[in-house]
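The values are calculated or read from the model by the stated rules, or taken from the named source; none is laboratory data. Small disclaimer: the values here were computed from a predicted structure and weren't measured. Cβ sites come from the backbone with ideal geometry, for glycine too, and all protein chains shown count toward neighbours.
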Amino acid sequence: MKKDAKGLMPSCREVHRLVSEGQDRNLSFVEKVRMKMHFLMCEACTNFQQQMALLRRAMRKMEVPVDDVVGRDKDRN
Amino acid sequence: MSTEHHKELESMRPALVRFAILHLRNETLAEDVVQDALIAVLEKPDRFAGQSSLRTYVTGIMKHKIIDVLRSAHRERQIETQDDQSEDDVIDALFRADGHTAQMANRWGDPDGTLEQKDFFRVMEICLEKLPAKTARIFMMREWLELDTEEICKELGCTTSNVWVMLYRARIRLRECLELNWFAHQPIVRARE
């Protein structure tokens, strides 16, 4: 059902999914090794992993949009 | 609490409602959440006095209120939990038939620099608004409310593998939206094609 190739060398398709799932569950030892092997030779997946890491940090940092409104109000008064 | 403080809080209301809609995708519930949150702030002004920023304080209260509403609203079937349609091709579109990426993922440059920019977060909110409702709700529960997959499944009644796929789709969509509307316009080192 999964379209990930399960050959010796993991595909980008499999690694992208592992990068995402790795943020939501503990990956198995084998999954981690396959992913890291792939990063060594694939810039696209390495960049993707960094993008996902940034996305997570950004979401954790996100606060309610309050200062802007208060700021605008002060300008008006 | 002073009248001025009261007014200041009241002026936040529209922005807070907009923000709550990002999570709940339901205007009535969003307005209820904000109402509860503002009352909570007004009831405990002394707690705020010790906080470094009103924004951080209100953010914390909003998190609690949104979790409460997600829990009760699901039980009362006030929020839609149907799977989002037209989501199937989001992942497929990234890869060629042999499993390679169809396009090189770009480097996004210095993360610390990015996260210091207010405008980046504005763009991110717009990108979050564009997510389909259920995908957005699950993504916000995972990434902003920091619930784990099991808790999300318990609240929304879906399987863990389903949640993993929905989170993956949400991330792919957000990445594309941020790439297009933010990173493509930033002077950063581009990856070699």
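Listed values, structure above:
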read-out	value
Residue check, A:Val64 buried (at least 19 other Cβ atoms within 10 Å of the Cβ), at pLDDT below 95 and not polar (S, T, N, Q)	yes
Any chance A:Leu54 is at pLDDT 95 or above, in a helix (DSSP H, G or I) and aliphatic (A, V, I, L, M)	yes
In the stretch A:31-68, residue nearest to the other protein chains (Cβ to nearest Cβ) [restricted to those that are farther than 30 Å from B:Pro14 by Cβ and among the charged types (D, E, K, R)]	A:Glu43
Single unsatisfied condition, B:Glu143 versus (1) within 7 Å of chain A (Cβ to nearest Cβ); (2) farther than 22 Å from A:Gly22 by Cβ	(2)
From the options B:Thr159, B:Thr101, B:Thr149, residue that is farther than 23 Å from A:Ala44 by Cβ, crowded, with 20+ Cβ neighbours inside 10 Å and among the hydroxyl-bearing types (Ser, Thr, Tyr)	B:Thr149
Elements of type helices (runs of 4 or more DSSP H) contained in the stretch B:112-193, each with 1 or more residues being of a type in the set (S, T, N, Q) and on the phi < 0 side of the Ramachandran plot	B:133-143, B:149-156, B:160-181
Total residues in the stretch B:97-155, condition among the aliphatic types (A, V, I, L, M) and either touching a residue at least 60 places away in the same chain (Cβ under 8 Å) or assigned by TED's automatic domain parsing to the domain that holds B:Lys65 (or both)	9
Counted residues, the stretch A:19-43 - those being within 26 Å of B:Glu125 (Cα to Cα) and either more than 14 Å from the chain's Cα centre (by Cα) or part of a helix (DSSP H, G or I) (or both)	3
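Residue-by-condition table, conditions (1) more than 10 Å from chain A (Cβ to nearest Cβ); (2) at pLDDT 75 or above:
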| position | (1), (2) |
| --- | --- |
| B:His5 | yes, no |
| B:Ala40 | yes, yes |
| B:Pro45 | yes, no |
| B:Phe48 | yes, no |
| B:Ile67 | yes, yes |
| B:Glu76 | yes, no |
| B:Ala97 | no, yes |
| B:Gly109 | no, yes |
